[in-house]
1. Please check: in the Gaussian network model of the chain (C-alpha springs, under 10 Å), which one of D135, D282, D267 has the largest mean-square fluctuation.
2. Cα gyration tensor of the stretch 195-292, axes a ≥ b ≥ c as square roots of the eigenvalues: rounded (a/c below 1.5), prolate (a/b > b/c) or oblate?
3. Here are some pairs, K70/K251; K28/K241; K192/K222; which of them have Cα atoms lying more than 18 Å apart in this structure?
4. So what's the net charge close to N352: Lys and Arg +1, Asp and Glu -1, counting the other residues with Cβ under 14 Å from its Cβ?
5. Please state the shape class of the chain: rounded when a/c is under 1.5, otherwise prolate if a/b exceeds b/c and oblate if not, all from the C-alpha gyration tensor.
6. Angle check, please: helix 428-441 long axis (alpha carbons) against the longest principal axis of the chain (alpha carbons), in degrees 0 to 90, nearest 10.
7. Once you charge only the Cβ atoms, +1 for Lys and Arg and -1 for Asp and Glu, what is the size of the charge dipole of the stretch 331-411 about its Cα centre, to the nearest 20 debye?
8. Nearest 5 percent is fine: what portion of the DSSP beta bridges confined to the stretch 1-92 is antiparallel?
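Quick note: the coordinates plus some simple rules give every number you see, no bench work behind them. Keep in mind the model is a prediction, meaning the values are calculated, not measured. Neighbour counts are summed over all protein chains in view; Cβ atoms, including those assigned to glycine, are modelled from backbone coordinates with ideal geometry.
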Amino acid sequence: MSFDSKTELSAIILAAGKGTRMKSKKPKVLHEIFSKPLVGRVVEAIDNICPDKNIKSVVVVGHGAQEVEKYLTKYKNVTCVLQKEQLGTGHAVSMALNELKDFKGTVIIACGDTPLLKSSTLRKMCEYHIEHSSDVTVMSAIFENPFGYGRIVRAQDGSVEKIVEQKDADEEQKAIKEVNTGVYCLKWESVKDCFRELKNNNSQSEYYLTDIIDWARQKKKKALSFVIDNPDETLGINSRKQLAQATQIMKMQKLDELMDEGVTIVDPLTVSISPETKIGADTVIYPNTFINGENTIGENCKIGPFTHFRGNVSVGDYSKIGNFVELKNASIGSHTNVSHLSYVGDATLGSNVNIGAGTIFANYNSITKEKKKSHLKDGVSIGSNAVIVAPVELGENVFVGAGSVITKNVEKNSLALSRSAQKEYPNWVEKQKNLLNKKGEE
């Protein structure tokens, strides 16, 4: 099955939980991995199932609703609905009924704290769901140690008979290694009425999403499970430890991908690169490099050691970004060197530019909160310990002397200096020593 114009997809993302174990005033789904909130990663995974389609996502918010809604305004296809009382996952889904009352197609249900879910996996699940004409498809995973998870109990025909939680499972059911991940595909027209009919006759007096399986079987509807290839994708974040675990998984997946594509990572243990960063073949990443946000690095570059990309950085082919260099909102041309101890922010550097050690691009006015930009044309050379004060433009082949503070535009092929005259005081050191000796004698 392929996603064509007749394939209708929507999503419900559950993001109302408090996340007590995070020990944080911040809503759980706004905690970040590589500077992107967990819920943002889930929204984007759904958006990218089929990039040429506008997939509407209804996000159910609760704790910290205003903060979560404010963040989600950046996504045009997202609508938020409020779950005032947290009465269970089934109740949370029912909050989205009004938004999807006229929808006809497949609805994905996912949790806003599962940042490792991949678009390709969700797409495969949707394809499986539609190809098998399923009414309810639950994503499952095989765990060698399934303790704590709801077990998938299958009927003789291979369909899903029920989901049994750990506390309710008998010994035979506890031995089952296939578990519920909390992700579903629903034939919406066929099952939406379920969320008006769920019961809360359980010890928690909550409406459980897992009860949709029992409901489907009672209504003679088809319930299947889709077994995910990589169980790591289903990791939900409920604590800082799990946040760190997910970060490490995401990091290693990216490093493995880059190395497979011809990038050298000298020391994977000390290098972190965001999933949104693209790097060309034969580039070398040296130890203790942290690359955050969205960036593009060309081929045959050398990055690090101890380099920090803060996001929105592009680096051309055959360029070098070296020791203790920080970059943000910067475009670096090809064959350009920013070798050591420098900050380049809100700047455009052309090709064959050389930035001397200790160069700072002063781009921020702390009073007005404004950021200005600097532009360096091809062939510019900046001496050590210089300050480039934005907004400023340096023409082609400009040479800036070491220790200069540049506040005005410089014409091409010019030398720019802004040093005070050097003064020399003969025998000054000896005089100072004599003064100290006299004080000591007194």
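1. Taking springs between Cα atoms under 10 Å, the residue moving most is D267.
2. Prolate, because a/c is 1.5 or more and a/b exceeds b/c.
3. Flagged as over cut-off: K70/K251.
4. 0
5. Prolate, because a/c is 1.5 or more and a/b exceeds b/c.
6. Taking Cα atoms only, the helix is inclined about 90 degrees.
7. Taking the Cα centre of the stretch 331-411 as origin, the dipole is about 240 debye.
8. Counting only bridges with both partners in the stretch 1-92, antiparallel ones make up about 15 percent.
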